[in-house]
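Okay, so here's the structure we're looking at.
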Amino acid sequence: MDLGKSALRQQMNGGGTSASGALGQSLSVGDIASGLKEALKTGTGKVTSQLGAQDGFNADPSIHIPLPATLQKVQSGLKMVGMSGLADDLELRLNRAAEAATPEAKRIFWSALEKMTVDDARAILNGPQDAATQYFKRTMSPDLKTAMRPVVDKNVAAAGAVKSLNSMTSAAKGLAPGMDGQSLLTDHVLDYALSGMFAYLAKEETAIRQDPAKRTTDILRKVFSN
């Protein structure tokens, strides 16, 4: 990583288009940008495969999707009368919807990578260990939400979550607030799905920066060697 920073400093100080590091490798700013894109491409590929598998969300306590806050009173009420199975069923279906929608995110992530500029690369290399992920989250979250919403909406419906919600609120009688079930559940799953993906992407980015074994391509080894 120091090698990449050295190249960028020379660029910014007018020192030409490349620089040699301690290992004798010459890095252009283009190489550095390509390395960052490759790191994110590798990371997003792994993360979307992991979270898009069955129980990718449901069995992972760090990103498991709970019921929306507006339904927690309903959930508590059902547990008191021994009907928690209805709430548990809805919670499972929400996690299944996120798992089904996650693979679609890979295409969106990879398309977004093409928008990264050399100036973005400069800022990222001089930032923290998850700087690329934070850049991605900051600049692409609105587009990701827009593109993923139909996929999440479809999978929320396909998972039977709305039907499960209706059964749950019907059983809860007066405890359930009035709501647009489809919209509520889609927004909830979408927010949690993106949060979980970014959390794992940050871990992957940090690992690539710190662990040589994670640099599985020539460009990653070239850019992130120190």
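Using a Cα-Cα cut-off of under 20 Å, which aspartates and glutamates could be cross-linked to Lys115, ignoring same-chain neighbours fewer than 8 residues away?
Asp31, Glu38, Glu104, Asp130, Asp143, Glu205
Taking square-rooted eigenvalues a ≥ b ≥ c of the alpha carbon gyration tensor, is segment 82-141 rounded, prolate or oblate, where a/c under 1.5 means rounded and, failing that, a/b exceeding b/c means prolate? Please list the in-between numbers first.
Details: a/c = 5.65, a/b = 2.62, b/c = 2.15.
Prolate shape, in that a/c is at least 1.5 and a/b is the bigger ratio.
Give the calculated FRET efficiency between His64 and Glu114 to the nearest 0.05, with a Förster radius of 41 Å applied to their Cβ-Cβ distance.
According to the calculation, E is roughly 0.80.
Give a residue-ordered list of calculated ³J(HN,Hα) values for segment 129-136 (Karplus: 6.51 cos²θ - 1.76 cosθ + 1.60, θ = phi - 60°; whole Hz; x for Gly, Pro).
Coupling constants for segment 129-136: 4, 10, 4, 5, 5, 5, 4, 4 Hz.
With all protein chains present and a 1.4 Å probe, how do Arg138, Arg122, Arg209 order by accessible area, largest first?
Listed by decreasing accessible area, they come as Arg138, Arg122, Arg209.
Using packing as a proxy for protection, rank 213-223, 46-56, 98-108 so that the peptide with the highest average count of other Cβ atoms within 10 Å comes first.
Numbers: 213-223: 16.2, 46-56: 17.7, 98-108: 20.6.
The densest-packed peptide leads the list: 98-108, 46-56, 213-223.
A 20 angstrom limit on the alpha carbon distance is what I want to check against. Which of Lys41/Lys137; Lys73/Lys145; Lys154/Lys203; Lys41/Lys214; Lys41/Lys154; Lys46/Lys154 exceed it?
Lys73/Lys145; Lys154/Lys203; Lys41/Lys154; Lys46/Lys154
The values are calculated or read from the model by the stated rules, or taken from the named source; none is laboratory data. Everything numeric in this text was worked out from a predicted model, so none of it was measured. A quick note on method: Cβ atoms are made from the backbone with ideal geometry, for glycine too, and the neighbour counts reach across all protein chains shown. All accessible areas refer to the heavy atoms of the entire protein, side chains included, with ligands and DNA or RNA removed. Shrake-Rupley method; radii C 1.70, N 1.55, O 1.52, S 1.80 Å.
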